[in-house]
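> I have a structure here, written as structure tokens, and I will follow up with some questions on it.
The values are calculated or read from the model by the stated rules, or taken from the named source; none is laboratory data. These numbers come from a predicted model, not from an experiment. Here Cβ is always computed from backbone atoms with ideal geometry, including for glycine, and neighbour counts include all displayed protein chains.
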Amino acid sequence: MDNYSNEQNEQQVVSLPRIGDKAPSFEAETTHGTLQLEDFDGSWVVLFSHPADFTPVCTTEFIAFQEIQDDLRELNTELLGLSVDSVHSHIAWVRNVKEKMGVELKFPIIADLNKDVAKKYGMIMPGESTTETSRAVFVIDDKQTVRAVIYYPLSTGRNMAEILRLVKGLQTTDEKGVATPANWNPGDKAIVPPPKTQEEADERVNNDEYECIDWYFCKKHV
Ligand code: BEZ
């Protein structure tokens, strides 16, 4: 089989879990031993891929992910990294980051050498690289449903404040039944879901709890 056919073949087996789908289950070797997705049932998970160990952008990202681990844990959310490197490569890189940069990376990293998990999650973008995972982020909730998906290219490090904001926004939606507007941050007012009936539309503009610009556009404190 030539390279072109290989690439076509690879593209056929790749799938992309969509928002609202059950997160594909897996069992994988990690720097913390063998883990299954089901081990995280009851917690939210930020599953993220990076292209390769011992690369500069990834190193900055891993340090930044470690910096938000405590904040994520307060939101009942665990970090889980992934690349197609071996466990020994991950271990060596983790040790290097601690030695050279003084940061202990405490979250598990999947060694997806045969790309099993990467394929299940559509983390490889053949147009960008057929051998490395792109910078994907899957936010998986405590019932193992995919709630958000972010993709960044190899060249661009991710923004941890946005990942934290996304998890907080999703959990606020679940807890308070609201949506979150552009650039929302905890403490800001949230959007009340649109009315479903004429009566609801009339009621909401007179509701003191809401700050309405018009019948379809009301905010409230959460
Ligand atoms: C990096 O992490 O620095 C990197 C990895 C793959 C391609 C480009 C940059």
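> Quick one: would you say ALA136 is of a type outside the set (Val, Ile, Thr) and surrounded by 18 or more Cβ atoms within 10 Å (Cβ to Cβ)?
In short, yes.
> Is there a residue being within 22 Å of THR130 (Cβ to Cβ) and within 16 Å of the ligand (Cβ to nearest atom) anywhere in the stretch 60-78?
Within the stretch 60-78 (the criterion being within 22 Å of THR130 (Cβ to Cβ) and within 16 Å of the ligand (Cβ to nearest atom)), the answer is yes, since at least one residue qualifies.
> Kindly indicate whether VAL149 is modelled with pLDDT of 95 or more and not assigned by TED's automatic domain parsing to the domain that holds ILE63.
In short, no.
> Counting only residues that are touching a residue at least 40 places away in the same chain (Cβ under 8 Å) and assigned to a helix (DSSP H, G or I), which one in the stretch 81-95 is surrounded by the fewest Cβ atoms within 10 Å (Cβ to Cβ)?
So, considering only residues that are touching a residue at least 40 places away in the same chain (Cβ under 8 Å) and assigned to a helix (DSSP H, G or I), the one surrounded by the fewest Cβ atoms within 10 Å (Cβ to Cβ) is ILE91.
> If the Cβ limit is 6 Å and pairs must be 6+ apart or interchain, which residue in the stretch 26-53 that is within 16 Å of the ligand (Cβ to nearest atom) pairs with which residue that is at pLDDT below 95?
none
> Right, next: Could you check LYS168 against (1) within 18 Å of the chain's Cα centre (by Cα); (2) closer than 13 Å to HIS50 by Cβ and say which number it fails?
Here LYS168 meets the rest and fails (2).
> With respect to ARG73, determine if the residue is of a type in the set (Lys, Arg), under 27 Å from GLN171 (Cβ atoms) and without any contact (Cβ under 8 Å) to a residue 12 or more places away in the chain.
When the stated conditions are applied, ARG73 passes them.
> Filtering the stretch 48-76 down to residues that are more than 20 Å from ASP112 (Cα to Cα) and of a type in the set (Val, Ile, Thr), which residue is surrounded by the fewest Cβ atoms within 10 Å (Cβ to Cβ)?
THR60
> Mind checking which residues of the stretch 204-222 are surrounded by 11 or more Cβ atoms within 10 Å (Cβ to Cβ) and either part of a loop (DSSP other than H, G, I, E, B) or polar (S, T, N, Q) (or both)?
Correct list: ASN207, TYR210, TRP215, TYR216, HIS221, VAL222.
> Checking the structure you have, find out if any residue of the stretch 122-138 is more than 16 Å from the ligand (Cβ to nearest atom) and touching a helix residue (DSSP H, G or I) at 6+ places or on another chain (Cβ under 9 Å).
No.
> Here's something else I'd like to know. Which condition number does ILE109 fail, the rest of (1) surrounded by 14 or more Cβ atoms within 10 Å (Cβ to Cβ); (2) out of contact with any helix residue (DSSP H, G or I) (no Cβ under 9 Å at 6 or more places or on another chain); (3) closer than 22 Å to ILE150 by Cα being met?
(2)
> Specify the residue that is surrounded by the most Cβ atoms within 10 Å (Cβ to Cβ); the eligible residues are those in the stretch 112-131 that are out of contact with any Lys or Arg (no Cβ under 9 Å at 6 or more places or on another chain), touching a residue at least 60 places away in the same chain (Cβ under 8 Å) and more than 17 Å from VAL87 (Cβ to Cβ).
TYR121
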